[in-house]
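Accompanying notes for the structure given below.
Only the coordinates and a few stated rules stand behind these numbers; no lab work does. Just so we're clear, the structure is a prediction, and the values are computed from it rather than from any experiment. Here the Cβ positions follow ideal geometry from the backbone for every residue, glycine too, while neighbour counts run over all protein chains shown.
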Amino acid sequence: MTIIETKKLTTYYGKSRGIEDVDICVKEGEIYGFVGPNGAGKSTLMRTLLNFIRPREGQAFIFGLDCKKESKKIKESLGYVPGEIKYYPNISVREHLDYAASFKKEGSKDQIDAMMRLLGLEGDKKFYQLSLGNKKKVALAQAFLGDPKLLILDEPTGGLDPLLQRIFTDLLLDFKAKGKTVFLSSHNLKEVAHLCDRASIIKDGSIVDSMDLKGMENEFGWIVSLKGELPREALEELSSEVYSSDKGTSRFLYKGKMDNLIRCLSLFNIEDLNIKKEDIEDRFLRYYGGDNEHLQI
Amino acid sequence: MNIFKFEIKRNQKTALLWTLISGFFVFLFMALFPSMKNSGIQEFVVTKFDAFPKEFMTAFGVDSAVNFDDIMHYTAYTLQYIIMAMAVYGILLGFDSLLIEETQGTIEFLYAQPTSRKKIFWSKVLSHGWLLFQSLFLLGMITFLSAVVFKPDNLAFRTLGLDMAELFLGSLFVCFLYFFLGVFIGSIMHTKSSGLALGIFFLSYIVGILSRIKEDLSFMRYFAPFDYALPMDIVRQGWDLKYIFVGAVAMIVLLFSSFFLYQKKNFRI
């Protein structure tokens, strides 16, 4: 079953580009990652899905319902964590959760207590007194209230310490294990690779690649960096793609059996060798080239 | 109802603060009434105020026809400045009602909940409108009770009550007109600007002064909501139905156009 579907979705902020012709399809029970650096359009897509912003063109559906016309009904089964948590500064944690629960049919006091215990939240603290990590926890707690079927998370682990990231990851995997769906944006590629079943890469508001991360494990090759005398013919024979080759150093992508590579390289005078399994980060960097200063790898 | 209650709780303190400060000043001024009455202030007013140009006195809402021996005239004169503060509070409340969540980014919490823009709009407008009504009602009660304490013995309690009610209905009308103006601007803007709200109020106030000073510019009074029901005018001449009609139509138009604009608005967070 399709949970999120967009067709040629285009959003502009006045004359500035938001997203352009975005087509995505998120299926039930999967964790879908939306990857791109800051300003690429990740938050804009999420805000358009949640009807904060009206699309200029195209359509968006969640649970088969039109995001523009049936936003309220969609949100009855949806939890959202924004990228930057700006909640009510003078309202306590408990009041935030009570307020969020008051909108939901199944948001109960017991559920609030359970979430607060799980995340170690102090109910009496005012929001402005919280650290960034604790603010994220409040946002997560309110998103989980009311038994949602879909979570939309915008940079959910940004600013969290490793322990909190672990708790968060466990929560998401547990959520997914119940057959529910997560749509998250991130520029933390390790997180995406670890958590997501599928991912799309967005650049300048448009999707440039979509990939099945779990099924891709076998498709990824090896990135070989070496220093030594590797003849041009051998380089061409071994490599699927040459990244660089200059003054006795070469960097290339190898797809094939590892023993074949070792056997072949052993025939030449190699001074230094580094072999790394290709992953989503490498794929991602292909699209962004040198424009990757915002990425966490 | 949950948004309505939440908004009331969140903004109650500020509303009470405005009311108490305004109420304190009203009480202070009313406390001066007996000494004003007994110290021959009216003779002073007639003698001295007549020396000023008529336009100058009109601009400040006072002239020799103001009878400072009459508690209602005195109250109306005092109240015009207090109501000015409440009208500013009204436009700021109207501004805040739709805009503060967008300015502070909290709309990302609220509108992510299963609720509609329609519900958010009406809850916000009603809750902020209630706060304004509550403030004006309390201010009216403080003014009335102060007047009861300091009124001359020969003035009937009932007459005073009815006159005060009329005065405060006028103030309510003016303040709500500014409130709906604030709501309307809030529905088209993306960032709160108290300076803009104050600017709009004082511009309209100056337009009102000009319309009072120059006969040729009297038509400009339509653009000066504060002058639709000036306390002194209500006490001396009663309601001017022409302005009440225009004001009522303006409130309805502002409210419903705000509603439709808010449904289509792109939230900038």
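Among the listed pairs A:Lys105/A:Lys203; A:Lys105/A:Lys126; A:Lys42/A:Lys109, which are separated by more than 28 Å between their Cα atoms?
From the list (A:Lys105/A:Lys203; A:Lys105/A:Lys126; A:Lys42/A:Lys109), the Cα-Cα distance tops 28 Å for A:Lys105/A:Lys203; A:Lys42/A:Lys109.
For A:Lys276, give me every one of the aspartates and glutamates with a C-alpha distance below 15 angstrom, ignoring sequence neighbours fewer than eight places off in its own chain.
A:Glu217, A:Glu219, A:Glu241, A:Asp259
I'd like the orientation of helix B:71-104 relative to chain B: the angle between its Cα long axis and the longest Cα principal axis, in ° from 0 to 90, rounded to 10.
10
Taking the alpha-carbon set of chain B, what are its Rg and Dmax in Å?
Spelled out, the Cα radius of gyration and Dmax of chain B are 20.1, 67 Å.
Partner chain Cβ atoms within 10 Å, averaged over the residues of B:102-108 - can you pull that number for me?
Other-chain Cβ atoms within 10 Å of each residue's Cβ, averaged: 5.
For region B:7-19, in order, what is each residue's ³J(HN,Hα) by Karplus, 6.51 cos²θ - 1.76 cosθ + 1.60 with θ = phi - 60°, in whole Hz (x at glycine and Pro)?
Residue by residue, region B:7-19 yields 5, 4, 4, 6, 10, 4, 4, 4, 4, 5, 4, 4, 5 Hz.
Quickly rank A:188-195, B:82-89, A:168-175 as a protection proxy: mean count of other C-beta atoms within 10 Å, highest first.
Going by the mean number of other Cβ atoms within 10 Å, highest first, we get B:82-89, A:188-195, A:168-175.
How high is the relative contact order of chain A, in percent, counting Cα pairs under 8 Å that sit 6 or more residues apart?
The value is 20 percent.
Using the 2.2 N^0.38 Å rule of thumb for compact globular proteins, work out how region B:116-240 stacks up: its C-alpha Rg over that value, please.
1.27
Within region B:3-264, how many Lys pairs sit with Cα atoms under 22 Å apart, leaving out pairs fewer than 8 places apart on the same chain?
The result is 21.
For n ≥ 4 DSSP H runs only, could you compute -39500 (n - 2.57) per run for chain A, divide by its residues and tell me the 222 nm figure to the nearest 500?
Computed ellipticity for chain A at 222 nm equals -9000 deg cm²/dmol.
Mind checking the mean number of beta-carbon atoms from other chains within 10 Å of the Cβ atoms in B:149-162?
So the per-residue partner count for this stretch is 0.
Helix B:117-150: angle to the longest alpha-carbon principal axis of chain B, degrees 0 to 90, nearest 10?
20
How high is the relative contact order of region A:14-130? Use alpha-carbon pairs under 8 Å, at least six apart in sequence, and give a whole percent.
It rounds to 18 percent for region A:14-130.
As I understand it, the value is the acute angle between the Cα axis of helix B:241-264 and the longest principal axis of the Cα atoms of chain B; what does it come to in degrees, rounded to 10?
Helix B:241-264 sits roughly 20 degrees off the main axis of chain B.
Of the listed peptides B:189-200, B:134-145, A:63-74, what is their order by residue-averaged count of other C-beta atoms within 10 Å, with the highest listed first?
Averaged packing, sorted descending, gives the order B:134-145, A:63-74, B:189-200.
Could you give the distance between the Cα centres of region A:140-176 and region B:94-161, to the whole Å?
Here the two parts' Cα centres lie 39 Å apart.
I'd like the mean, over residues of B:112-124, of how many other protein chain beta carbons sit within 10 Å of each residue's own Cβ.
5
Which of the listed residues, A:Phe103, A:Ala143, A:Ser239, is farthest toward the dipole's positive end in chain A, when Lys, Arg count +1 and Asp, Glu count -1 at the beta-carbon?
A:Phe103
Determine the relative contact order of region B:3-264: mean sequence separation of Cα pairs under 8 Å and six or more apart, normalised by residue count, in whole percent.
Worked out over region B:3-264, it gives 28 percent.
Once the dipole of region B:65-223 is set up with Lys and Arg at +1 and Asp and Glu at -1 on Cβ about the Cα centre, which of B:Phe137, B:Tyr77, B:Val149 lies farthest towards its positive end?
B:Phe137
Across 20 Å bins from 0, what is the distribution of all Cα-Cα pair distances for the protein assembly as shown, in whole percents?
Result, from short to long distances: 18, 37, 25, 14, 5, 1 percent.
Amide H to amide H, which residues 5 or more places from A:Leu213 or on other chains are under 5 Å from it, using H placed in the peptide plane?
Residues meeting the criterion, in which the H sits 1.01 Å from N, are A:Arg198, A:Ala199.
So which aspartates and glutamates pass the test for A:Lys178, namely a Cα distance under 16 Å, with those fewer than 8 places away in the same chain ruled out?
Leaving aside aspartates and glutamates fewer than 8 places away in the same chain, those within reach of A:Lys178 are A:Glu28, A:Glu30, A:Asp147, A:Asp170, A:Asp197.
Using the Karplus curve 6.51 cos²θ - 1.76 cosθ + 1.60 with θ = phi - 60°, what ³J(HN,Hα) values do you get for each residue of region B:227-233, in whole Hz, with x for Gly and Pro?
8, 5, 8, 5, x, 5, 5
Using packing as a proxy for protection, rank B:165-175, A:265-275, A:75-85 so that the peptide with the highest average count of other Cβ atoms within 10 Å comes first.
A:75-85, B:165-175, A:265-275
Positive end of the dipole of chain A, charges at C-beta (+1 Lys, Arg; -1 Asp, Glu), about the Cα centre: which of A:Gly36, A:Ser250, A:Ile112 has its Cα farthest in that direction?
A:Ile112
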